[in-house]
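Colleague: My questions all concern the structure below.
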Amino acid sequence: APAPKQYVQPPTSPSQHETHRFPIQPLHRFHGASATIKRPREVAHFSYDDNHEYRDDESSINYYVPPPLGADLKEGFDTFRHHEDKEDQHLDSLLQALMEKEQKEGSDKRVKADFVTWRGMMTKILTAPFDHFAEFNMFATLHDSTIYIEEDFPSRFAARAAESSHPPPRSHHPDPQSQSREMMTYWGYKFETLSLIPTPPSSTTPEQIRVHQRAVTSNHAQHCSIVSTSFGPHSLLLGGEVDGLLAPKPANPDEQVQWVELKTTEELPPPQRQQHRDILKFERKLLKFWAQSFLLGVPKVVVGFRSKTGILRGLQTFNTHEIPGMVRRGTGCWDGNVCINFAAGFLGWLKEVVQGEGVYSVVLRRKSGVVEVTRVGDGTGNIVSEEFLAWRRAGD
Ligand code: A3P
Ligand code: MG
Ligand code: MG
């Protein structure tokens with residue numbers, strides 16, 4: 001039998017263009033009790049308003065209300081206000097929020113971390129061991145003892161198209177049940193419109209709630225939470241969108257914020273007709289739901305089950321921390337501890353490779369199973385904004 005792939009130990013000072021490889025398999029390296037993780041704590045936040053302009057406030061926070069079952073998630077598709085980034089936003093708004101925080105609280109309150117990135121990047125890393133189609137394309141740079149990681153902008157759209165498990169309908173023999181990719185993206189946002197209102201439900205009348213639920217669907221406004229967390233010895237600052245609150249934010253910053261993540265997925269067949277592959281498909285989706293929510297410390301995930309044609313049929317609330325156990329007792333198609341240990345091991349390896357200045361590409365090609373890191377340029381390549389670099393220079 002061929003010898004198992006070995007963990008590649010990089011030289012301490014990588015020379016230009018040399019490629020370092022971190023194989024994902026074999027996974028037995030990552031079995032066992034999970035690396036210690038700190039509960040994520042919010043250190044900063046910001047909003048994007050209805051025009052997707054940055055705001056240093058909580059103006060785009062929403063509250064959860066149960067959406068009406070039977071609602072057609074296709075409704076309003078023609079008036080969807082779809083925001084798609086037209087240029088690379090790098091880590092700018094995350095860094096902006098960190099600057100605003102230091103400005104308000106003083107630079108002695110500065111939160112240090114080994115890594116700063118968007119939650120989405122960490123979701124891809126965390127799920128890579130069990131996602132057979134995993135791929136990513138990121139850039140990393142070391143600045144002032146922190147590694148900043150961003151997504152490669154042009155590759156994002158290609159990855160999203162590939163991510164969609166539903167190919168666009170063929171024009172020759174259209175299946176009356178098949179839906180366009182745009183429509184399938186829309187109904188995730190429509191589900192959010194039906195489930196989120198800008199004021200706490202306790203101080204909102206049923207009529208006001210219905211008005212909010214009927215509003216035009218738009219993904220321009222967002223609220224983003226930036227948390228401090230850690231994987232084993234590696235500390236991270238992660239920024240990501242949070243969908244809504246189940247209860248007003250606690251005054252005490254040590255208390256858990258009752259965020260809720262909203263997700264839509266196709267309904268399962270009735271129990272007597274359920275097959276192993278139906279459960280497998282759903283539990284694979286749970287990996288994404290768990291990883292995304294776990295990383296920001298979002299304690300609950302509300303899943304909206306829809307029919308093939310986009311009718312909302314059911315709702316189920318999951319406790320994020322219980323999802324890995326459910327899957328362990330179910331198909332066992334993924335293991336949360338392995339994900340955590342893999343991420344901790346990968347981050348440790350990245351720290352050894354990204355030691356000098358420069359821009360490093362961090363690439364996992366579809367089905368390749370090996371993360372490749374190569375120094376591809378000098379400086380910080382706009383990964384860290386000019387404003388942030390100047391702010392740090394002025395503060396030191
Ligand atoms: P669903 O997740 O219910 O499909 P999020 O769940 O992360 O808050 O994102 C809200 C919605 O944005 C998603 O709803 C989906 O419609 C759309 N979306 C998010 N990420 C996407 C991606 N990578 N590709 C296509 N659509 C995406
Ligand atoms: Mg969201
Ligand atoms: Mg969501």
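The values are calculated or read from the model by the stated rules, or taken from the named source; none is laboratory data. All of these numbers come straight from a predicted model, not from anything done at the bench. Don't worry about glycine lacking a Cβ; one is built from the backbone with ideal geometry, like all the others, and counts go over all protein chains shown. Accessible surface is based on the protein model in full, side chains and every heavy atom, while ligands, DNA and RNA are left aside. Shrake-Rupley method; radii C 1.70, N 1.55, O 1.52, S 1.80 Å.
Colleague: Which condition number does Val303 fail, the rest of (1) in contact with a Ser or Thr (Cβ under 7 Å, 6 or more places away or on another chain); (2) under 30 Å from Leu237 (Cβ atoms); (3) away from ligand 1 (no atom under 14 Å from the Cβ) being met?
Modeller: Unmet for Val303, out of (1) in contact with a Ser or Thr (Cβ under 7 Å, 6 or more places away or on another chain); (2) under 30 Å from Leu237 (Cβ atoms); (3) away from ligand 1 (no atom under 14 Å from the Cβ): (3).
Colleague: Can you pull out every residue in region 293-314 that is farther than 18 Å from Val65 by Cα and surrounded by fewer than 16 Cβ atoms within 10 Å (Cβ to Cβ)?
Modeller: Correct list: Ser307, Lys308, Thr309.
Colleague: Just the residues that are open to solvent by 40 Å² or more (accessible area, probe 1.4 Å) and among the hydroxyl-bearing types (Ser, Thr, Tyr), please, taken from region 105-126.
Modeller: Ser107, the sole residue that qualifies.
Colleague: Find the residue count for region 69-103, including only residues that are open to solvent by 60 Å² or more (accessible area, probe 1.4 Å), under 24 Å from Val216 (Cβ atoms) and modelled with pLDDT of 95 or more.
Modeller: Here the count works out to 7.
Colleague: So Gly297 clears everything in (1) on the phi < 0 side of the Ramachandran plot; (2) within 16 Å of ligand 2 (Cβ to nearest atom) except one condition, right? Which one?
Modeller: (1)
Colleague: Restricting to region 159-190, name every residue that is in a helix (DSSP H, G or I), at pLDDT below 85 and open to solvent by less than 70 Å² (accessible area, probe 1.4 Å).
Modeller: Of everything in region 159-190, those that are in a helix (DSSP H, G or I), at pLDDT below 85 and open to solvent by less than 70 Å² (accessible area, probe 1.4 Å) turn out to be Ala159, Ala161, Ala162.
Colleague: Another question, then. What's the total number of residues in region 366-387 that are more than 30 Å from Ala134 (Cβ to Cβ) and surrounded by 12 or more Cβ atoms within 10 Å (Cβ to Cβ)?
Modeller: Residues flagged as more than 30 Å from Ala134 (Cβ to Cβ) and surrounded by 12 or more Cβ atoms within 10 Å (Cβ to Cβ) within region 366-387 amount to 1.
Colleague: Using the structure shown, decide if Ala291 is out of contact with any strand residue (DSSP E or B) (no Cβ under 6 Å at 6 or more places or on another chain) and under 19 Å from Ile61 (Cα atoms).
Modeller: no
Colleague: Is one or more of the residues making up region 327-339 open to solvent by less than 20 Å² (accessible area, probe 1.4 Å) and of a type in the set (A, V, I, L, M)?
Modeller: Yes.
Colleague: Just to check your reading of the model, which residue among Glu100, Glu84 is under 23 Å from Leu238 (Cβ atoms) and touching a residue at least 24 places away in the same chain (Cβ under 8 Å)?
Modeller: Glu100
Colleague: Just to be sure before I move on: is Ala140 among the aliphatic types (A, V, I, L, M) and part of a loop (DSSP other than H, G, I, E, B) in the structure I sent?
Modeller: The answer is no for Ala140.
Colleague: All but one of (1) touching a residue at least 40 places away in the same chain (Cβ under 8 Å); (2) farther than 22 Å from Asp152 by Cα hold for Arg329; which doesn't?
Modeller: (1)
Colleague: Let me ask something else about it. Of the numbered conditions (1) within 19 Å of Leu237 (Cα to Cα); (2) in contact with an Asp or Glu (Cβ under 7 Å, 6 or more places away or on another chain); (3) not acidic (Asp, Glu), Ala159 satisfies every one except a single condition; which is it?
Modeller: Result: Ala159 passes all but (1).
Colleague: If I go through region 66-124 residue by residue, how many of them are at negative phi and in a loop (DSSP other than H, G, I, E, B)?
Modeller: Total satisfying the criteria: 23.
Colleague: While we're here: Any idea how many residues of region 127-137 are buried (at least 20 other Cβ atoms within 10 Å of the Cβ) and in a strand (DSSP E or B)?
Modeller: 1
Colleague: Can I ask one more? Got a sec? Which helices (runs of 4 or more DSSP H) wholly within region 323-396 have at least 2 residues that are touching a Pro at 6+ places or on another chain (Cβ under 7 Å), β-branched (Val, Ile, Thr) and under 26 Å from Ala35 (Cβ atoms)?
Modeller: Ranges flagged: 336-353.
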